[in-house]
Amino acid sequence: MKKIGKTGVIIYTRVSTDEQARYGHGRDYQIEVLRRYCEINEYEIVAEFMEDHSAKNFNRPEWQRLEAYVRANKKAVDKVLFTKWDRFSRNTEEALAKIRRFTNWGIEVNSVEQMLDLSNPDNKLMLSIYLMSPEVENDKISKRTRAGMHKAAKEGAWIGRAPFGYNRYWFGKYASLIPNENGVLIREIFQEASVCIGSLEELRRRYEKRGYKMCKQSFYNMLKNKVYIGKAKVPEFEKEDTYWIEGFHDGIVDIETFTKVQKVFEGKKNNARFPSKRKESLPLRGFLECGLCGRNLTGSTSNGNGGKYDYYHCRSGCKNRILSTKAHSMFKNDVLKDIDVNDNVMTLYREILMDVQRKKRDSKLSDKVQVENKIVDMQTNLELAEDKLINGDIDSDTFNRISKRYNNNLRGLRAELQTIKDTNEVSAKIIDKVCKTLRKIPQLFGDSSYEQKTSLLGLMFPEKLIISKKECRTKEQNVVIELLTRVNRVSQGLDKKKAIRNDGLSNYAPPLGLEPRTL
């Protein structure tokens with residue numbers, strides 16, 4: 001409590017950021033001025049509140065504590081003081097509302113450096129000027145800053161964060177860029193992207209291991225960024241649109257290479273994937289991994305004695321180079337040959353799939369009946385509520401609450417029922433077609449077109465095939481194919497018998513996500 005005869009004062013200080021609060025002199029200055037003012041006027045400081053939040057509104061932790069303190073100790077507080085009005089607020093409307101509230105409590109709110117007699121209505125105009133002046137000045141500074149940045153950009157400066165491959169550098173008074181140690185990496189990426197061997201996503205993943213740690217979208221944005229050919233971006237300003245000019249910095253990539261990369265993107269307009277070079281005689285290209293160094297193999301044609309020869313080969317520095325005919329032969333004998341499922345195993349697999357579909361249909365029917373019964377019960381309850389309203393057992397407000405709840409539940413149940421009805425089922429005809437396809441995969445691959453072969457390869461082998469000059473092997477097969485061939489190998493030593501639904505091998509049923517619809 002304040003002493004008798006003394007004016008009780010709360011002093012309030014505010015800075016805008018934690019950094020100012022921790023290291024700056026703004027708060028220390030405010031405290032010193034306010035304490036000195038109270039000492040000269042023989043005011044008693046009953047509380048001090050120090051804030052580090054913006055003054056755009058009063059949702060500030062310390063101000064909320066100040067108000068709570070005032071509500072609990074109204075008789076002990078006569079004034080709330082701060083150095084300048086912009087420390088109190090920068091929102092005229094909210095500031096006036098707060099001043100009115102404190103005035104009704106019998107408490108004066110004022111600034112010691114911009115003191116106003118707020119009992120005089122004319123001073124409210126000056127108060128508005130004090131409150132608005134900081135915002136106006138901020139707007140002026142922001143506009144001058146934007147104009148200055150726009151002028152610098154028009155001269156060729158680089159405005160913004162330095163992109164990957166560059167460091168910040170100053171040309172006189174202008175900020176610009178200078179290539180750093182990653183420039184070589186950027187140049188190699190553009191070179192490989194320009195010839196478009198394989199997909200750009202494979203290219204990005206390969207360069208991740210060498211230091212390019214950016215996501216797919218950042219990678220594509222980089223390949224479109226004109227900064228790498230020495231251009232500077234002039235941002236939109238007032239009525240001027242964004243455009244590019246020659247920058248102060250040196251380009252990392254030549255214009256010819258950059259243009260080729262843009263053509264790769266143009267080829268993507270009507271396709272969800274980036275284009276790659278297609279060669280009918282090299283269907284395994286893009287699906288092979290080097291057995292020596294672990295990198296992805298590519299393929300090309302070379303001139304030799306007697307004509308042209310196709311090869312699968314690794315990149316520079318690795319000697320893994322395999323004639324395409326030899327690679328195809330190894331793929332056929334080492335990989336496709338093992339994908340051989342006998343009739344007994346396939347009959348068992350068909351029975352398992354049919355059993356899975358029967359269970360799904362039974363479950364779907366059961367779920368449908370349950371939801372339909374819930375809908376009927378909900379509608380019945382709603383009708384009972386209507387009867388109670390008619391009979392006067394409940395009032396209209398109660399009925400409206402009940403009706404709203406029941407109708408919300410009904411909408412949810414109807415949506416659930418529609419979801420159950422929309423669940424797709426796999427027919428016996430589709431299952432038979434899938435089983436026939438699985439039974440003849442080696443033959444099917446040999447008779448397929450280039451597009452069909454690449455589709456089958458992507459389906460059968462989730463990961464690359466590892467190939468060297470001596471062998472071709474798989475890392476991982478499609479789980480269904482791997483399962484069927486494993487069962488086939490186990491069953492080879494057993495007597496053939498007719499597969500039945502309750503056979504002990506029924507635990508080999510594939511998971512839901514790998515049913516025939518995914519094949």
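The values are calculated or read from the model by the stated rules, or taken from the named source; none is laboratory data. Computed from a prediction, not measured in an experiment: that's the story for all the values here. When we count neighbours, we look across all protein chains shown, and the Cβ atoms used for this are built from the backbone with ideal geometry, even at glycine. Just so you know, the surface numbers come from the protein's heavy atoms only, side chains and all, with ligands and any DNA or RNA stripped out. Shrake-Rupley method; radii C 1.70, N 1.55, O 1.52, S 1.80 Å.
Each Cα pair of region 14-157 feeds into the Kirkwood radius, which the Stokes-Einstein equation turns, at 20 °C and 1.002 mPa s, into a diffusion coefficient of 127 µm²/s. In summary, the lysines within cross-link reach of K233, defined as a Cα separation below 30 angstrom excluding same-chain residues under 8 places away, comprise K140, K143, K151, K154, K173, K213, K216, K224, K260, K263, K268, K269. Where Rh is the Kirkwood radius over the Cα pairs of region 107-178, the temperature 10 °C and the viscosity 1.306 mPa s, what D in µm²/s does Stokes-Einstein return? The Stokes-Einstein estimate is 99 µm²/s.
Surface composition of region 324-380: carbon and sulfur atoms hold 50% of the protein heavy-atom accessible area at a 1.4 Å probe. Here region 35-151 has 49 percent of its accessible surface on carbon and sulfur atoms, given a 1.4 Å probe and all protein chains in place.
Could you report region 307-349's accessible area per residue, 1.4 Å probe, as an integer in Å²?
Details: 2280 Å² over 43 residues.
I get 53 Å² per residue for region 307-349.
Near L465, the amide H atoms lying under 5 Å from its own belong to L288, E289; only residues 5 or more places off or on other chains count, and H is placed 1.01 Å from N. Per residue, the convex hull spanned by the alpha carbons of region 191-231 comes to 76 Å³.
P(r) tail for region 313-383, what percent of Cα pairs lie past 17 Å? Can you show the working numbers first?
Working: 1808 of 2485 pairs.
Roughly 73 percent, once rounded to a whole number.
Here K421 is the anchor, and the aspartates and glutamates within straight C-alpha reach of less than 17 Å, apart from those fewer than 8 places off in the same chain, are D362, D367, E372. Cross-link partners among lysines for K469, C-alpha distance below 23 Å, same-chain residues fewer than 8 apart left out? Filter leaves K279, K308, K319, K326, K332, K337, K453.
For region 372-479, the set of trypsin sites (Lys or Arg not before Pro) satisfying both a DSSP loop assignment and a count of at most 15 other C-beta atoms within 10 Å is given as K440, K469, K470, K475.
Calculate, for region 207-256, the solvent-accessible area per residue in square angstrom, rolling a 1.4 angstrom probe over the heavy atoms of the protein chains. Walk me through the numbers on the way to the answer.
On the way: 3130 Å² over 50 residues.
Per-residue value: 63 Å².
Ranking L336, I352, Y311 by how far each Cα lies toward the positive end of the dipole of region 298-354 (charges on Cβ) leaves Y311 at the top.
Computed on region 298-339, with alpha-carbon pairs under 8 angstrom and 6+ residues apart, the relative contact order is 26 percent. Each of F171, M214, T145 was placed along the dipole of region 113-249 (beta-carbon charges, centred on the mean Cα), and the one lying farthest toward the positive end is M214.
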